[in-house]
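Have a look at the structure below before the remarks.
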Amino acid sequence: EYELQQPDGRQVAFLNDKVQVRPGKAITSKDKIIVKKPMLWSPENPTLYNLIVRIRDNEGNTIDGYRRRIGIRSIEFKGKDGFWLNGKPYESPLIGANRHQDFAVVGNAVANSIHWRDAKKLRDAGLKIIRNAHCPQDPAFMDACDELGLFVIVNTPGWQFWNDAPEFAQRVYSDIRNMVRRDRNHPCVWLWEPILNETWYPADFAKNTLDLVAQEYPYPYCYSGCDSEARGHEVYPVLFTHPANADKDWAIKKLDPKITYFTREWGDNVDDWNSHNSPSRVARNWGEQTMLIQAWHYAAPNYPYTCYDVLYRTPRQHVGGCLWHSFDHQRGYHPDPFYGGLMDVFRQPKYSYYMFQAQRSPKKQDRLFETGPMVYIAHEMTPFSPKDVTVYSNCDEVRLTYNKGGKSLTYTKPVSREGMPSPIITFKDVYNFMLDKNMSMKEGRQKEVFLLAEGLINGKVVATHKVCPARRPSKLLLWIDNENTELKADGSDFVTVIAAIADKNGNIKRLNNYYVKFHIEGEGRILGGANVLANPAPVKWGTAPILVQSTLKPGKIKITASVLFEGSQMPVSAELELESKPSAYPLIYASEEAALIPMKSDSQSFPITAKSQKELEKEKAVKEQNERKLKEVEQQQADFGEKK
């Protein structure tokens, strides 16, 4: 029995079929459902239906069944006419990124909620396609891509390895069948990549893999892709290559009008594959200048290279590309981490993340992911910050104001131009630390020092971002990075909790060398412990993240964060409370097995104890008293300077 329901639960189609199955035998049943005026799935509007399948016995009792979310959509690759979705040419190149599903501390042992949050963060950044490098990823990620409107390239597991033994190819063929059978009902599947990544396999292998996908998905809208330089690529409808207008060393010299082209990896630009120096590889804690260079490299560098701008200048036949890579991660083949992500391994954004976000449409929509206008100032106002101020925005105009009563500058986006939707905005020779110093020290106008960016559309301010210089470290901030999802008490779910060093006004002090120690009470534990510097955690670029995992029991979790070496002049501690919720499904486990799972944080290198509210209030009072004393010293110093 098949019942198809709209998102609101209303039935739109129903079908049943009577079958007889003899003991020990199997049958195949084929049926077809017609849906009139369907709500079509797309990245912009990822509508999902519920297909409920039930098996009833002769008396009508339900004895088995399941629910599958499906989307109704058509995809076509039309060679020189490019990519078509739901019977129409798709409006723009599909820009996305590759993804490994590993995470800080836990590696590949990633909870389902993390897969959803990853997809949400990437969709917030305006990405519309993900390449599962280099293997099928958890079904939870595929579900999230269905829900959030992310196309996916699904890969056969394999990377730079071939064995001539016949059983090797047979095992790969088995992987392909299982891969397609598992994921073929996901509307997010844009393309199958059944070949082995960057591998010199025989030509007949390429043809066999293409045929296997067609056997497992013998329906329309089934397409597979292959590297343009690989053996046997001639039979594939979609080929991976670089656009000819960017990287002439890697691009195909002559395009076939029947073939559609896509760049499966772009952005990485190493000097060699041993040293791995690249303008794309930037750890977040390396600071402003390096992150600005990474963003420029990904956007539109002044040297010929595949970038966001280039992918928007290609003919329709080249339909987009996936950045290498969405997140920092620890590779298997090289000892050094990969630092080329838009976000670090804890999913904390770099400047490039906001540059990508500025390429999304400014149109506001009611979606699970972020939409609408944005503006972001990529400048920290430190003594080492550049004179030029970089801003990322998808608005028609950006107005930048420097200090209260100071100068105001306006950028207007060209109405008609080729290339990326929103070029990087640079306001030249704006910031001057000496002006900050003079206003702060001589004129007592420290609060009037700031950068304010206002994004305007049709003359109205629709987005703002303000940056102030961070003054003396005064307190810790503590927040949860969970994309508004709840922590489930299933013993494996976890959330990221981030501590930051800030001044008294809450401005994050990016440049400091503190360590933060965490204490946790209640139904949670800190993952990693002292073994991987998870606790105490080093502050990098102003923040120190940890992973907090649930126990098997729902309840409150209290987290306290303090600087490692406390004292009367040190930043005040912070507290945060969250609550884990009951698991969505019954947990099946033996009590003796559960007893083996540590439900408290791993052992610490430093003794950490929770603080009472009274102790925290006292600590804050001492801090305020010390600040008053420092103000007195500051005034004495200022008076001395004036007399001199």
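The values are calculated or read from the model by the stated rules, or taken from the named source; none is laboratory data. Please read these numbers as outputs of a predicted model, since none were measured by experiment. Methodologically, a virtual Cβ is constructed for each residue, glycine included, from the backbone with ideal geometry; neighbour enumeration extends over all protein chains shown.
Take the conditions within 30 Å of Phe369 (Cα to Cα), surrounded by 22 or more Cβ atoms within 10 Å (Cβ to Cβ) and within 27 Å of the chain's Cα centre (by Cα) and apply them to Arg184. Does it pass? So Arg184 does not fit the description; no. Within the range 314-326, does at least one residue satisfy the condition of being touching a Gly at 6+ places or on another chain (Cβ under 9 Å), closer than 30 Å to Thr543 by Cα and not in a loop (DSSP other than H, G, I, E, B)? Checking the range 314-326: at least one residue is touching a Gly at 6+ places or on another chain (Cβ under 9 Å), closer than 30 Å to Thr543 by Cα and not in a loop (DSSP other than H, G, I, E, B).
Checked against the criteria, Glu443 counts as acidic (Asp, Glu), without any contact (Cβ under 8 Å) to a residue 24 or more places away in the chain and outside the structural domain of Gln549 (by TED's automatic domain parsing).
Within the range 35-42, one or more residues are outside any strand (DSSP E or B) and more than 14 Å from Gln11 (Cα to Cα).
Against the test of being in contact with a Gly (Cβ under 9 Å, 6 or more places away or on another chain), in a helix (DSSP H, G or I), outside the structural domain of Gln11 (by TED's automatic domain parsing) and hydrophobic (A, V, I, L, M, F, W, C), the options Leu127, Leu122 yield a single qualifying residue, Leu122.
For residues in the range 525-541 being in contact with a strand residue (DSSP E or B) (Cβ under 9 Å, 6 or more places away or on another chain) and in contact (Cβ under 8 Å) with a residue 60 or more places away in the chain, which is nearest to Arg347 (Cα to Cα)? Going through the qualifying residues, I end up with Trp541.
If only residues of the range 285-332 that are under 13 Å from Ala246 (Cβ atoms) and free of Cβ contacts under 8 Å to residues at least 12 places away in the same chain are counted, the one that is surrounded by the most Cβ atoms within 10 Å (Cβ to Cβ) is Tyr303. Of Ser422, Ser416, all but one fail to be loosely packed, with under 12 Cβ neighbours inside 10 Å and of a type in the set (Ser, Thr, Tyr); the exception is Ser416.
The numbered conditions (1) within 30 Å of Ala489 (Cα to Cα); (2) in contact with a helix residue (DSSP H, G or I) (Cβ under 8 Å, 6 or more places away or on another chain); (3) crowded, with 21+ Cβ neighbours inside 10 Å are all true for Pro93 except (1).
Is it the case that the range 174-185 has a residue that's under 16 Å from Thr209 (Cα atoms), at pLDDT 95 or above, out of contact with any Phe, Trp or Tyr (no Cβ under 8 Å at 6 or more places or on another chain) and among the small types (Gly, Ala, Ser)? Yes, there is a match, as at least one residue in the range 174-185 is under 16 Å from Thr209 (Cα atoms), at pLDDT 95 or above, out of contact with any Phe, Trp or Tyr (no Cβ under 8 Å at 6 or more places or on another chain) and among the small types (Gly, Ala, Ser). Residues to consider are Asp256, Asp268; find the one that is over 31 Å from the mean Cα position of the chain (by Cα), surrounded by fewer than 21 Cβ atoms within 10 Å (Cβ to Cβ) and either closer than 28 Å to Cys188 by Cβ or aromatic (Phe, Trp, Tyr) (or both). Testing whether each residue is over 31 Å from the mean Cα position of the chain (by Cα), surrounded by fewer than 21 Cβ atoms within 10 Å (Cβ to Cβ) and either closer than 28 Å to Cys188 by Cβ or aromatic (Phe, Trp, Tyr) (or both) leaves just Asp256.
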